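Contents: one structure, followed by commentary.
A short reminder: the numbers here are calculations on the coordinates, not readings from a lab. Just so it is clear, the model here is predicted, and its values are computed rather than measured. Every residue, glycine among them, receives a Cβ derived from its backbone with ideal geometry; neighbour counts consider all protein chains shown.
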Amino acid sequence: MAAAMASTAERAVLEEEFKWLLQEEVHAVLRQLQDILKEASHRFALPTSGSGAAVRQENFVLSTSGTDQVKGVLTLQGDALCQADVNLKMPRNNQLLHFAFREDKQWKLQQIQDARNHVNQAIYLLMNRDVNYQFKTGSEVLKLMDAVMLQLSRARNRLTTPATLTLPEIASSGLTKMFTPVLPPDILVNFYINLNKLCLTVYQLHVLQPSTTKNFKPAGGSILHNPGAMFEFGSQRYEVSHVHKVECVVPWLNDALVFFTVSLQLCQQLKDKISVFSSYWNYRPY
């Protein structure tokens, strides 16, 4: 009898704790998540002052820990690369090539665009459960956290995992038409985001003559192709002779990645608290 009464009392206490968790703590965590993710979203927009202000331009100097074959300055405006001023020293003859974006061109960085969209989707999911919304079950909270975590994981992955491209895909990209003077046919360039860095890769090519005895094997997709990679484009076969990778750190991308990590941890902690109660109520979904 005493054990039964103790069990009943314990269950009553747990039910009160769980009720408080659903009604109070869940909404506190949701508000905290909204605040953090709005900060992350603002990092992608970078307004100069106030709402609706123009997105400011930021200049970044490209650098590498290796040689100085490639130097340049990139101008970033939100998710758009609006200027790229690049100097390339050709290894064969030390000739200096200079090329820059045409004034009427800018290159959208799809990774930044996608990451921002995923963040805004996560914010939308959270705002749909305002302070007046009453969560009735733990499983309802878990489903919301899973949906938010999915968007945050996708946002983070867009910044941490650049697209794998084949060399013909890079060669046919609209990026090749962005520059003045026009890029020589033996030069390919590619821009991408990797974590908190904006990266530029320059590929120097040489034409494979039809009479060459080399065994032609076209390279597959990759984030970064190595010297010796071969491909065919426009009925002509090429081989990569030199690869130059330079990069610059974008501080607000690092901020965004930190916000993603903190938000994912908050979601997981809330899920863990909810799941603790499942061991007490096996007869219903949390």
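For segment 136-206, the list of trypsin sites (Lys or Arg not before Pro) that fall in a loop by DSSP and count at most 14 other C-beta atoms within 10 angstrom reads LYS136. Once the Cα atoms of helix 2-20 and of the chain are each reduced to a long axis, what angle between those two axes, in degrees from 0 to 90 to the nearest 10, is obtained? Helix 2-20 and the main axis of the chain meet at about 50 degrees.
In straight-distance terms, cross-link reach from LYS143 covers every one of the lysines whose alpha-carbon lies under 28 Å from its own, apart from those fewer than eight places away in the same chain; here that gives LYS19, LYS38, LYS271, LYS273.
Given their separation in residues at 0.36 nm each and the Cα-Cα distance between them, ASN87 and GLN110 gain 5.8 nm when the chain is fully extended.
In the chain, the longest principal axis of the Cα atoms and the axis of helix 26-45 are about 20 degrees apart. Can you tell which of ALA84, ALA122, ALA219 shows the greatest fluctuation in a Gaussian network model of the chain with Cα springs below 10 Å? Looking only at ALA84, ALA122, ALA219, the largest GNM fluctuation is found for ALA219. Our helix-only sum for the chain, with -39,500 (n - 2.57) per DSSP H run of n ≥ 4 divided by its residues, gives a mean residue ellipticity at 222 nm of -13000 deg cm²/dmol.
Each Lys or Arg adds one and each Asp or Glu takes one away; over the other residues whose Cβ falls under 14 Å from the Cβ of ALA28, this sums to -1. For LEU74, neighbours were defined as the other residues whose beta-carbon sits under 12 Å from its Cβ, and their charges (Lys and Arg +1, Asp and Glu -1) total -1.
Pairs from the list LYS177/LYS217; LYS71/LYS197; LYS89/LYS245 with a Cα-Cα gap above 20 Å: LYS177/LYS217. If you take all other residues with their beta carbon under 12 Å from the beta carbon of ILE112, and give Lys and Arg +1 and Asp and Glu -1, the sum is +2. Give me the angle, in degrees from 0 to 90, between the Cα long axis of helix 110-127 and the longest principal axis of the Cα atoms of the chain, rounded to the nearest 10. Here the helix axis deviates by roughly 10 degrees.
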